[in-house]
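Notes follow the structure.
The numbers here are math on the coordinates, done by the rules we state, and not lab data. As the structure is a prediction and not an experimental result, all values here were calculated from the model. Heads up, the Cβs are rebuilt from the backbone with ideal geometry, glycines too, and the neighbour counts pull from every protein chain shown.
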Amino acid sequence: MLAVVFDADGRPTGLDKSLDACRIAGSIRLDAREDLLAALGLADKSIGDAMLCLHAWRRWGDGFVERLAGDFAFALWDESRQRLLLVRDQLGIRSLFYARIGTAWVVSDSLEWLAAQPGLDKRLDETWIGDFLASGHSFDAWRTVYAAVKRLPPGHCATLRRDGEAVRRYWQLTVGEPLFMRDGEAYGERLRELTRAAIRDRAPAGRVGISMSGGLDSTTLAALSVEALGDAARVTARCAHFETLMADDEPRFARLAAQALGIALVFDKADAAYDPQWRERGIRTAEPKLAIVNAHRERTLARSMAAAAGVWLFGEGPDNALAFEREAYLGWLLRTGRWSRLASALWRYAGLKLGEREQRQPPSPARPASSGLPAELPAWLRPDFVERTGLRERLHSFYFPPPHDHPWHPRAIGSFGTPVWQSLLGNLEADLVQGLDWRHPYLDLRVLQFLLSVPPVPWARRKLVLREAMRGRLPAEVLERRKTPLSGNALHRALSGDDLPPLESSSLALWIDPARLPRRPQAADLDPLIAVHALDHWLS
């Protein structure tokens, strides 16, 4: 755990690695180490990632952060300038928090540790509370539940001195021209090459786990892990599925993939989506979380997975990066006069559509209608609280953000900057306490930039580029499977007919009217209602 106190005398404690007049500490795992070593002119491959960051800082100064890639959150003390530099990775896979206590700065990758420090102002951030009660997470990357504690946003660094702080963005996701390659085989080979490199950078010496559904993203990750590591025995997989709560065809497709790859596969029942004893479990999280109502089961599962493999690969990324933005892309080709590219895209797309009709596959089940922006905020929120936090406007901006200005892939690129990403990654990062380290090969910047650079037409339609890359490597049934969303909300079904426990904290009256709060949840207001109970439990 990173725990740094930058005291009133301007000296930090808790920094363990040193080079010249610099010291560093944090959670650091770098990608493309060999490229970085070569750029630094270093031949010693045994140099640790923390020391490699110090060498990079000595060579390039503050610009060194722009040459780093991976999962990291660290603090670097610069003796010559008497300052502490905080750095968080580009996509926010690792977290970093800091606060001022009197004349001292306190920094940690653990909000729980920081919140326990003597003298910290523990007044709550009402804006954070409002966001949480409306959506289950904050709409601002830098906020925490405590007004005095800041979370360093992804892709940012902060300079702390005795007299203040300065925060700057050092990276943002950009994609230039589309990557035009010869054919599907060329795209597939490039995707396999980059993903295998990302897996090797993330894999430990022993076994690696895959969180594997029967979908294309995670089974691709499993297949390429076997190739990257050269030994199917080093790869194990877990598939969470429903047996009684609702229909779920994930096990059949996951089993097909595991058998074809020769990897171990364990099934985990997900039917117990709500723990009736959650308030009695004694589990406390650093901030209020919706997941508290099933945290006991999730922590038990995390410990079980950690016993099988310390590092698990998560397949999130392609759903966003391969958004099928047909109109935006074709419109850009038309506006910029790329006539041959436009004709080629239309020809390939027409052929793809014709081939799908000839296969006469049954239509995929309709997705449940999105709830979109609620017509009204939950009726139990106090009007004065909504007014002073600007919650209605904040919620509207979250559901209807201004469109990203990218000319041909705006939805895909814009999606990686939403607060939902930070909430997801923060929840996964919490499993480190149970010994489970989640890593994300598709969020490797080399892989992500490639996926975003692939022309959406035709290669993003039904993730054609992934299917081309894995043809002959995964069973045909898996490759041609259509996306099948679950038929309902697991938590609501698990709660059906049950009352939520009574509230305990008197502080809730600042933000809600308890008399208007229903005891028995309905599907339409389930998450906001769970948020009230999660906040109540956290306050209690």
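Worth pointing out:
- Listed by chain and number, the aspartates and glutamates whose alpha-carbon sits under 16 Å from that of K483, ignoring those within fewer than 8 places in the same chain, are D217, D248, D249, E250, E316, D319, E356.
- Length released on extending from R169 to H396, taking residue separation times 0.36 nm less the Cα-Cα span: 79.2 nm
- For the chain, size of Cβ-based charge dipole, Lys and Arg +1, Asp and Glu -1, in debye: 1060
- Inter-centroid distance (Cα atoms) of region 442-477 relative to region 86-141, Å: 36
- Region 3-169 - percent relative contact order, Cα under 8 Å, separation 6 or more: 22
- Only Cα pairs under 8 Å and 6+ residues apart enter the sum, and on that basis the relative contact order of the chain stands at 17 percent.
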